[in-house]
Every structure is written in C-alpha cells, then in structure tokens.
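The values are calculated or read from the model by the stated rules, or taken from the named source; none is laboratory data. As the structure is a computational prediction, the values presented were derived from the model and not from experiment. Note that each Cβ is placed from the backbone with ideal geometry, even for glycine, and that neighbours are counted across all protein chains shown. Quick note on the areas: whole protein, heavy atoms, side chains included, nothing else; ligands and nucleic acids left out. Shrake-Rupley method; radii C 1.70, N 1.55, O 1.52, S 1.80 Å.
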Amino acid sequence: MARKRIAVLISGRGSNMAALIEAASDPAYPAEIALVLSNIPDAGGLSVANSKGIKTETVDHKKFGKDRAGFEKTVQDVLDANKIQFVCLAGFMRLLTSAFVTHWHGRMLNIHPALLPSFKGLDTHERALAEGVKIHGATVHFVVPEMDSGPIVAQAAVPVLSNDTPQSLAGRVIQAEHRIYPLALRWLAEGKLKIVDGRCVNSGASDIDGVLVSPTNLRLS
Ligand code: GRF
C-alpha cells in the first residue's frame with residue numbers, strides 16, 4: 001500500500017518532528033514525512049528537517065496580523081499543493097480555527113506533554129509538580145476545535161521523582177513523547193483508528209494489563 005503523505009507542523013526545535021522523521025526513514029513505516037511546515041521562519045526544527053532531506057515551508061503568521069483565516073488558507077494551500085493526507089502538530093503554537101480543524105477531522109494529530117484531560121494548556125510540568133502528582137506523561141490525540149481535547153490515541157506515563165524540577169520532568173516526558181507519536185501515526189496511517197462517540201477505537205493495539213505504581217517503594221503482594 002502507498003505510504004501516506006504527512007505534514008508535520010512545528011513552531012520550535014522539532015524534537016517530536018525528528019522522532020517522526022526517524023520512524024518514517026524505515027521504508028516499512030506506513031507514512032512518509034512529505035513536508036515540515038513552520039509558522040516561525042527561524043524555528044530550529046526547519047534546519048533539522050532540511051538536514052535530513054525533508055521539504056520545508058514557512059508560513060509566517062505575523063504577515064497575516066489578525067487575519068487567522070488568511071493564514072490558514074495559505075497553510076491549506078501549501079498542504080494541498082503537497083498532497084498531504086494527514087497532519088501532525090508537533091509543538092505548533094498557533095490556535096487553529098474550527099473551520100480548519102473540521103476540515104482535517106480524523107486526519108490531524110497533536111501531542112501534549114501531560115496525561116490529558118489533566119493539565120491542558122501551557123507549563124504542564126510546573127503545574128504537575130505544583131499539584132504533587134506522582135505520575136505524569138504525554139498524550140497523542142486527534143485535534144478538535146477545543147484546545148488539548150479530542151479523542152485520545154495514545155498515552156505514556158512516567159513517574160514524578162521526589163527531586164524533579166520542571167526541566168528534569170520535561171526531559172523524562174519528552175522521551176516518552178518520542179516513543180508514542182510514531183506509534184500513533186503508524187496506527188493512523190494504517191487505518192487502524194476510528195472515532196466512535198468521541199473516543200478513539202484502535203484495532204491495531206493489543207491490551208496490556210498491569211499496575212504502574214509511583215513512588216515504587218511499596219511492596220505489592
Ligand atoms: C512538546 O512537549 C509537545 O508535547 C508540545 O510542544 C513540545 C514540542 O517540543 N506540544 P518539540 O518541538 O517537539 O521538541
């Protein structure tokens with residue numbers, strides 16, 4: 001089956017983008033990263049993508065001022081010109097209008113650095129530490145008009161350690177992100193994901209049972 005054509009939308013360093021590019025460098029992976037698009041002209045991820053031979057485009061949102069629809073029309077034109085089938089948001093720091101999101105319904109993923117629906121929005125690691133949660137993580141989800149909502153495709157949990165700083169916790173979470181985003185995109189590209197009653201149903205994954213305990217100095221009998 002032909003590999004699906006993916007655009008990764010970034011605003012920054014693009015480490016999740018790099019993880020997707022790495023996964024897609026395997027010819028057996030069901031998707032190819034056909035385009036990396038940034039709204040920030042000097043986003044670090046653009047040079048990373050270029051160095052790996054991936055096509056890049058910039059649509060600078062500042063040139064559109066308050067004209068969000070105009071910005072998105074240009075983004076859409078670039079996606080169409082590149083025959084993009086699925087979109088992965090990876091640290092893309094623009095809110096998207098519901099018209100754009102609805103157009104890509106079921107075909108656009110996002111990664112968020114928390115176990116949704118906890119800690120939507122920014123500064124997730126600071127807030128997780130402030131709440132004293134003992135397990136934190138990352139979520140890949142379908143994009144819906146409401147921010148950091150939408151059917152959950154995959155989650156990865158990491159322990160919060162007693163001496164964690166926002167930086168050390170972020171370091172543990174980002175490694176988890178790099179593992180689940182390629183997995184989620186694989187399922188999407190293989191047609192294994194369906195949205196049923198607002199939830200993601202996955203015919204590609206097998207269930208695992210078990211308990212994750214944090215802190216772990218607890219004897220489970
Ligand atoms: C990640 O933590 C992602 O979850 C969030 O933005 C960050 C982007 O990091 N949406 P990177 O650019 O992929 O390194």
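A few points about this structure:
- Selection from the range 41-56 of residues that are crowded, with 16+ Cβ neighbours inside 10 Å and without any contact (Cβ under 8 Å) to a residue 24 or more places away in the chain: Thr56
- Residue list for the range 120-140, restricted to those being under 14 Å from Ala156 (Cβ atoms) and within 11 Å of the ligand (Cβ to nearest atom): Thr124, Gly137, Ala138, Thr139, Val140
- For the range 11-30, the tally of residues that are open to solvent by less than 10 Å² (accessible area, probe 1.4 Å) and touching a Phe, Trp or Tyr at 6+ places or on another chain (Cβ under 7 Å) stands at 1.
- Cβ pairs under 7 Å, 6+ apart, first in the range 108-131 and under 13 Å from Asp148 (Cβ atoms), second at pLDDT 95 or above and acidic (Asp, Glu): Ile111/Glu177; His112/Asp148; Pro113/Glu177; Leu116/Asp148; Lys120/Asp148; Gly121/Asp148
- Selection within the range 1-53 - more than 11 Å from the ligand (Cβ to nearest atom) and of a type in the set (Gly, Ala, Ser): Ala2, Ala7, Ala23, Ala24, Ser25, Ala28, Ala31, Ala34, Ser47, Ala49, Ser51, Gly53
- Residues (open to solvent by 20 Å² or more (accessible area, probe 1.4 Å) and within 18 Å of the chain's Cα centre (by Cα)) located in the range 158-172: Ala170, Gly171, Arg172
- Among the candidates Gln155, Gln175, residue that is in contact (Cβ under 8 Å) with a residue 24 or more places away in the chain, at negative phi, open to solvent by 20 Å² or more (accessible area, probe 1.4 Å) and within 13 Å of the ligand (Cβ to nearest atom): Gln155
- Selection of the range 135-147 for residues being open to solvent by less than 10 Å² (accessible area, probe 1.4 Å) and not aliphatic (A, V, I, L, M) yields His136, Gly137, Thr139, His141, Phe142.
- Residue that is surrounded by the most Cβ atoms within 10 Å (Cβ to Cβ), among those in the range 178-221 that are more than 16 Å from the ligand (Cβ to nearest atom), of a type in the set (A, V, I, L, M, F, W, C) and modelled with pLDDT of 95 or more: Leu188
- Residues (within 20 Å of Glu32 (Cβ to Cβ) and in a strand (DSSP E or B)) located in the range 170-221: Leu193
- Scanning the range 121-134 for residues that are under 19 Å from Ser168 (Cβ atoms), open to solvent by less than 70 Å² (accessible area, probe 1.4 Å) and part of a loop (DSSP other than H, G, I, E, B) yields Gly132, Val133.
- Per the listing Val140, Val158, the residue uniquely assigned to a strand (DSSP E or B) and in contact with a Gly (Cβ under 8 Å, 6 or more places away or on another chain) is Val158.
- Per-region count, the range 70-94, residues within 30 Å of Asp164 (Cα to Cα) and touching a Lys or Arg at 6+ places or on another chain (Cβ under 9 Å): 2
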